[in-house]
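For reference, the structure discussed in these notes is given below.
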Amino acid sequence: MATMIIEGERVGASSGETYQVMNPATGEVVDHVPKGGADDVDRAARAASKAQQPWARLAPAERARILHKAADHMLSQVEEIAPVLTAEQGKTILESRIEARRFGENIAWFADLADKIHGDYVSLPDTTTYGLVLRKPIGVTGAIVPWNFPLTLAANKVAPAIAAGNAVVLKPSSTTPLATLRCIEALIEGGLPEGVVNVVLGPDTGESIVTHPLIRKVALTGSTPTGKKVMAAAASHLKKVVLELGGSDPCIVLDDANVEEAAKAISVGRFFNCGQACLAIKRLYVQDRVYDALLEKLIERARRLKPGDGMKRDSRMGPMHTAGQRAEVEAQVQDALDRGAKVVFGGGRPQGAEYDSGNFINPTILVDVPDDSRMVTEEVFGPALPVMRIKDLDEALGRANNSPFGLGSSIWTSSMKAAHRAVQELEAGYTWVNALQIAHDELPFGGTKESGFGKEHGLEAFHQYTEQKSVVYGLV
Ligand code: NAD
């Protein structure tokens, strides 16, 4: 049975309760895990608080060295961790390997910044004084993670937090705790001091993290409704929050685009991780002249995406993570069909004995999806793509921005002028121009509008785990 990790110790829930983690492809039990509660969050917050000062006071170069060594050790275990991720999440083993590697690489990327915390010297009006602006660690940080990319999204919070000298209480999604535990165990085996990262499990521990007095900041990746609840709960403690929430990313393809490359990127952008990605392309707007050609290429690519158990060699798309998640996507597709949309590829569930026990769904492409259908107004967190015909860039930008979300966006065109306009006008935290929609370590990532605020990745994320302090030095 898996355990939580508090102060380096492997512990059960103080209540003694456990729950099961299920395999979305087979319906089998993967493991039993402790069902932690408020008492366990309290234990973890105290452990983090105890570890905080010694960790923050370490020489930054020493912190960097420890983190690199821990990351190297974790990276040596990717082959053991990846199947655990596939078993609990459902994604293909190839996707799991990429994600497990990204965890270690992310820790290493921020480790490089640990000894590069820079402040400012500021001259003051009185020449007998001068000012400094220091950056200090914030203190114990809570990290709350969803189930779609359990490792990537944990690392996005843990890596900058610990590199900047903070201790962490980490809560994975209750349905995907196992690979995360393996990664944190590997970091500790690789030399990360005990108590610097503590892991609590259980469906309701997020609420206790947000309200615990020792936790000074909370970073959440989750749905927009959860983000609103977390912000409201954090407000009563004036706690800092970073909210990485839902998205409904538009992609625009103009007549002058490289259709082959666009189709390749859109296919990955919509169907990677069985469509369960915040940054997935969820609304596609295509100009008249390339509409048919692009649709044909997208269908050709979707045909190759054989659903199946992520551990099987020929599976190109794993199952949906839960039956409830699949039912939600099916209801959104049905709503579009009821309003006059047509399925041009896929639809429904794959048939056959190998699919009987899992949450499988076919990759699906729809046309004639009206703007008031749920597939356009809501986030579609699964492998269904609505393709909309547009006459020009004006129409595309208007419809793309007509959404409460503002996470990612992309455009395919060979016109500098059109690209420039899209970059300026698309309401989103990221715009890709003729490029695959992936988040890079080097660039700040985060949403606008109801997709949240605050950044992960980049120097900005690192700085957001520090607080500025102004100092005046008198020279008398
Ligand atoms: P979710 O909001 O249901 O849960 C996310 C995490 O928050 C889980 O660990 C959950 O236990 C916890 N949680 C739930 N209610 C809470 C509360 N009241 N207080 C504190 N914690 C609480 O999301 P999910 O279904 O696990 O993940 C899918 C969602 O995440 C999608 O909307 C997706 O777009 C979003 N997401 C966003 C990004 C991004 O970077 N913007 C990345 C990936 C996923």
* LEU294 being within 16 Å of the ligand (Cβ to nearest atom) and either within 30 Å of GLU88 (Cβ to Cβ) or open to solvent by less than 10 Å² (accessible area, probe 1.4 Å) (or both) -> no
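Any chance region 415-429 includes a residue that's part of a loop (DSSP other than H, G, I, E, B), surrounded by fewer than 20 Cβ atoms within 10 Å (Cβ to Cβ) and not aromatic (Phe, Trp, Tyr)?
yes
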* **Residue check, ALA47 open to solvent by less than 60 Å² (accessible area, probe 1.4 Å) and in contact with a strand residue (DSSP E or B) (Cβ under 6 Å, 6 or more places away or on another chain)** => yes
* Asked: How many residues does region 202-218 hold that are of a type in the set (A, V, I, L, M) and near the ligand (Cβ under 10 Å from one of its atoms)?
  -> 3
* Structure fact -> When region 208-233 is checked residue by residue, the ones that are surrounded by fewer than 21 Cβ atoms within 10 Å (Cβ to Cβ) and not hydroxyl-bearing (Ser, Thr, Tyr) are PRO213, LEU214, ARG216, PRO225, LYS228, LYS229, MET231, ALA232, ALA233
* What about VAL253, is it within 9 Å of the ligand (Cβ to nearest atom), open to solvent by less than 10 Å² (accessible area, probe 1.4 Å) and of a type in the set (A, V, I, L, M, F, W, C)? -> no
* Using beta carbons and a limit of 7 Å, which pairs, at least six apart or on different chains, have the first residue in region 368-382 and free of Cβ contacts under 8 Å to residues at least 12 places away in the same chain and the second one more than 16 Å from the ligand (Cβ to nearest atom) and of a type in the set (Asp, Glu)? -> none
* First in region 58-76 and over 21 Å from LYS116 (Cα atoms), second anywhere and open to solvent by 60 Å² or more (accessible area, probe 1.4 Å) and assigned to a helix (DSSP H, G or I), Cβ under 9 Å, 6 or more apart -> HIS73/GLU189; MET74/ARG182; MET74/GLU189; LEU75/ARG101; LEU75/GLU105
* To do: May I ask you to verify whether ASP309 is away from the ligand (no atom under 14 Å from the Cβ), out of contact with any Asp or Glu (no Cβ under 6 Å at 6 or more places or on another chain) and part of a loop (DSSP other than H, G, I, E, B)?
  => yes
* Structure fact -> The condition from (1) within 19 Å of the chain's Cα centre (by Cα); (2) near the ligand (Cβ under 10 Å from one of its atoms); (3) open to solvent by 10 Å² or more (accessible area, probe 1.4 Å) that VAL241 misses is numbered (2)
* To do: Any chance you could count how many residues in region 349-360 are touching a Lys or Arg at 6+ places or on another chain (Cβ under 7 Å) and either within 16 Å of the ligand (Cβ to nearest atom) or of a type in the set (Asp, Glu) (or both)?
  => 1
* To do: Output the residue which, of all residues in region 394-406 that are outside any loop (DSSP other than H, G, I, E, B) and surrounded by fewer than 21 Cβ atoms within 10 Å (Cβ to Cβ), is farthest from the ligand (Cβ to nearest atom).
  => ASP394
* To do: Check off (1) open to solvent by 10 Å² or more (accessible area, probe 1.4 Å); (2) within 22 Å of the chain's Cα centre (by Cα) for SER409 and give me the number that stays unchecked.
  => (1)
* Is there any pair linking a residue in region 439-462 that is more than 17 Å from GLU105 (Cβ to Cβ) to one that is away from the ligand (no atom under 13 Å from the Cβ), with Cβ under 7 Å and at least six apart or on different chains, and which? -> PRO444/GLY458; PRO444/GLU460; THR448/GLU427; LYS449/GLU427; GLY454/GLN464; LYS455/GLN464
* Structure fact -> Screening GLU378, GLU427 for residues that are over 30 Å from ALA159 (Cβ atoms) and within 16 Å of the ligand (Cβ to nearest atom) leaves only GLU378
* Asked: Which ones in region 439-463 are within 18 Å of ARG102 (Cα to Cα), outside any loop (DSSP other than H, G, I, E, B) and more than 8 Å from the ligand (Cβ to nearest atom)?
  -> GLY458, LEU459, ALA461, PHE462
* Taking only pairs six or more apart or across chains, which ones have beta-carbon atoms under 8 Å, a first residue in region 213-231 that is outside any helix (DSSP H, G or I), and a second residue that is hydroxyl-bearing (Ser, Thr, Tyr) and more than 6 Å from the ligand (Cβ to nearest atom)? -> LEU214/SER49; ILE215/THR141; ARG216/THR141; LYS217/THR141; LYS217/TYR465; VAL218/THR141; ALA219/THR141
* Asked: Can you name the residue in region 50-67 that is open to solvent by less than 60 Å² (accessible area, probe 1.4 Å) and not small (Gly, Ala, Ser) and, of all such residues, is nearest to the chain's Cα centre (by Cα)?
  -> LEU67
* To do: Scan ALA235, ALA277 and give me the residue that is among the hydrophobic types (A, V, I, L, M, F, W, C) and within 7 Å of the ligand (Cβ to nearest atom).
  => ALA277
* Asked: Could you give every pair whose Cβ atoms fall below 6 Å, whose first residue belongs to region 177-204 and is closer than 15 Å to GLY165 by Cα, and whose second residue is part of a loop (DSSP other than H, G, I, E, B) and open to solvent by 10 Å² or more (accessible area, probe 1.4 Å), counting only separations of at least 6 or pairs across chains?
  -> GLU194/GLU7; GLU194/GLY8; GLY195/GLU7
* Residue ID - farthest from ALA47 (Cα to Cα), chosen from residues in region 154-177 that are outside any strand (DSSP E or B) and open to solvent by 10 Å² or more (accessible area, probe 1.4 Å) -> THR175
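Check ARG101, ARG135 and return the single one that is closer than 23 Å to CYS274 by Cα and of a type in the set (Lys, Arg).
After applying the criteria, what remains is ARG101.
The values are calculated or read from the model by the stated rules, or taken from the named source; none is laboratory data. These figures come from a predicted structure and were not determined experimentally. When we count neighbours, we look across all protein chains shown, and the Cβ atoms used for this are built from the backbone with ideal geometry, even at glycine. Each accessible area value is taken on the protein alone, full model and side chains, heavy atoms only, with ligands, DNA and RNA left out. Shrake-Rupley method; radii C 1.70, N 1.55, O 1.52, S 1.80 Å.
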